[in-house]
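Contents: one structure, followed by commentary.
The values are calculated or read from the model by the stated rules, or taken from the named source; none is laboratory data. Model, not experiment: these values are computed from the prediction. Cβ placement follows ideal geometry from the backbone for every residue including glycine, while neighbour counts extend to all protein chains displayed.
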Amino acid sequence: MGWHIGNRYEMKFFLETILPYSIVKKSQILLGLKFLEKTTTSKGGRGTTISSEEQKFRESYIDKFKEPKHHIYTEDEIKHIKYLINNTTHSQKEFDETVYAYITGFFDGEGVVGAYKDKRDDSILLYISLPNTNPYVLIGMKQVFDGNIYIRKKPEKYPDWRQQWIWNITDKDKKEYLLKKILPYSIVKKQQIELGLKFLKTNDYQTKVLIADRLKEMKDIEYTDEEIKILNEQIKEMNVDKLQKTMMDF
């Protein structure tokens, strides 16, 4: 499922609202606001026309919007990023709660809490990772929670594959510290985080197996046609007040 805004005034309100809190997509948000400022209408509506100057302006922004999304880091850029990674150390200090809330938003969207069987001794291990196409926010993760960052090798069968960086954490105590810090702010992955904490606290093998299976089920979940129909009906019935309440009671 996807969410989008079609009304240009609602777009402007949304972008202005999130701008102060954005890091990774700040440049795109500023581009979007400038685009809305310099254009007169949402193109394509019945009976709408635009000047040739505006048409040229719109066309000039196509590549500007694409560039951050499709940026491929050069060898020199990767070398510099790896230098930053190797020279970034865990600060070992408490950050402001807004930092943990921001990280949780990222983790809710892209983070992974799962478990796998170690082939060497059949033990069950918890893994926590965060992939992203922007390595700089992951460098921030290393500063706050320690861990490792590496670039994922490009699959040969995906020629248009975007470079992806992975942050993960392997130390048990640091895993627990991370999960406890982001739990109060999590919405989407709250259950996975709680299961991860239970996993770390138990030494019972069968309990770990059950938690691992449950984490896999939650990762692979798909909505049925009937569930999607119900969700769509709920979305249509929402107004602004209901939406705000729904987000808080997710």
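Numerical summary
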quantity: Those helices (runs of 4 or more DSSP H) lying entirely in the range 164-250 with at least 2 residues at pLDDT below 90; calculated: 205-219, 225-237, 240-248
quantity: Members of the range 178-198 that are within 27 Å of Ile151 (Cα to Cα), of a type outside the set (Gly, Ala, Ser) and touching a strand residue (DSSP E or B) at 6+ places or on another chain (Cβ under 9 Å); calculated: Leu178, Leu179, Lys189, Gln192, Ile193
quantity: Residue under evaluation Leu125, criteria (1) under 19 Å from Thr88 (Cα atoms); (2) surrounded by fewer than 17 Cβ atoms within 10 Å (Cβ to Cβ); (3) modelled with pLDDT under 95, criterion not met; calculated: (1)
quantity: Residues satisfying the stated conditions in the range 25-55, i.e. hydrophobic (A, V, I, L, M, F, W, C) and either touching a Pro at 6+ places or on another chain (Cβ under 9 Å) or modelled with pLDDT of 85 or more (or both); calculated: Ile29, Leu30, Leu31, Leu33, Phe35, Leu36
quantity: The range 169-190 residues that are in contact (Cβ under 8 Å) with a residue 12 or more places away in the chain, paired with ones that are small (Gly, Ala, Ser) (beta carbon under 6 Å, 6 or more apart); calculated: Ile169/Gly147; Leu179/Gly196; Tyr185/Ala101
